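Report on the following structure.
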Amino acid sequence: MSLYADADACPVKDEVERVGTRHGLRMFIVSNGGLRPSRNPLVETVIVPDGPDVADMWIAERAGPGDVVITGDIPLAARCVEAGAQVLKHNGEALTAANIGNVLATRDLMADLRAADPFRQGGGKGFTKADRSRFLEALERAVRAAGHSTT
């Protein structure tokens, strides 16, 4: 089992490392650069070349059954769910085979609405302490569900 974090704009990298370390899991923190590499021997910082979706492709090509992927990118999440990985958004929401279709449809609808109104201001809500706490609980559950107990 491995943990994969789509690390560009990821607010929970420290939490991923904390839970992964507690369980002795190999972790891949994947980005286009600009991250300080961890000194943790279980963490591999993967810097991919610049380009659209390069980090997503790297993760999608490797994640599979028994792995946990942390991402806010819905198309990446869909590919990882299809490959058998467990997927969590940064707020702890699990993306599964049962809900990924609706999440993709909502994403596409919102993109269409934004494109139709170029003057639309604002965006998503901010990341809160409650989101961070929900994420930690969800990651712990996902790791245990994959068959790993605290070491």
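The values are calculated or read from the model by the stated rules, or taken from the named source; none is laboratory data. Not measured: the values here are computed from a predicted model. Every residue, glycine as well, gets a Cβ built from its backbone with ideal geometry; the counts of neighbours run over all protein chains shown. Just the protein is used for accessible areas: all its heavy atoms, side chains included, with ligands, DNA and RNA removed. Shrake-Rupley method; radii C 1.70, N 1.55, O 1.52, S 1.80 Å.
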Table column - 3J(HN,Hα) (Hz), region 130-136, Karplus curve with 6.51, -1.76, 1.60, x for Gly and Pro:
5, 4, 4, 5, 4, 4, 4
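For n ≥ 4 DSSP H runs only, could you compute -39500 (n - 2.57) per run for the chain, divide by its residues and tell me the 222 nm figure to the nearest 500?
Calculated mean residue ellipticity at 222 nm is -12500 deg cm²/dmol.
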Summed over the other residues with a beta carbon less than 14 angstrom from that of GLU61, with K and R at +1 and D and E at -1, the charge totals -3
For the chain, longest principal axis from Cα atoms; helix 100-116 axis from its Cα atoms; angle between them, nearest 10 degrees, is 40 degrees
With every protein chain in place, the chain: carbon and sulfur % of accessible area (1.4 Å):
52 percent
For the chain: relative contact order, % (alpha-carbon pairs under 8 angstrom, 6 or more apart):
24 percent
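List the GluC sites (Glu not before Pro) in region 31-82 that DSSP assigns to loop (not H, G, I, E or B) and whose Cβ has at most 10 other Cβ atoms within 10 Å. Which are they?
GLU61
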Working from Cα positions, state the angle (0 to 90°, nearest 10) between the long axis of helix 13-22 and the longest principal axis of the chain.
30 degrees
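Trypsin sites (Lys or Arg not before Pro) within region 3-61: which are DSSP loop residues with at most 11 other Cβ atoms inside 10 Å? Before the final figure, lay out the partial values.
Values: sites: LYS13, ARG18, ARG22, ARG26, ARG39; in loops: ARG39.
Here the trypsin sites (Lys or Arg not before Pro) that fit, given the DSSP loop and packing criteria, are ARG39.
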Go ahead and set up a Gaussian network model of the chain, Cα springs under 10 Å, then flag whichever of LEU25, LEU76, LEU104 fluctuates most.
LEU104
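Extension gain MET57-ARG36, at 0.36 nm per residue separation less the Cα-Cα distance, in nm?
That works out to 5.4 nm of additional length.
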Using only the Cα atoms of the chain, what semi-axes does the equivalent ellipsoid have when each is the square root of 5 times a gyration tensor eigenvalue? Give whole Å, largest first.
26, 17, 16
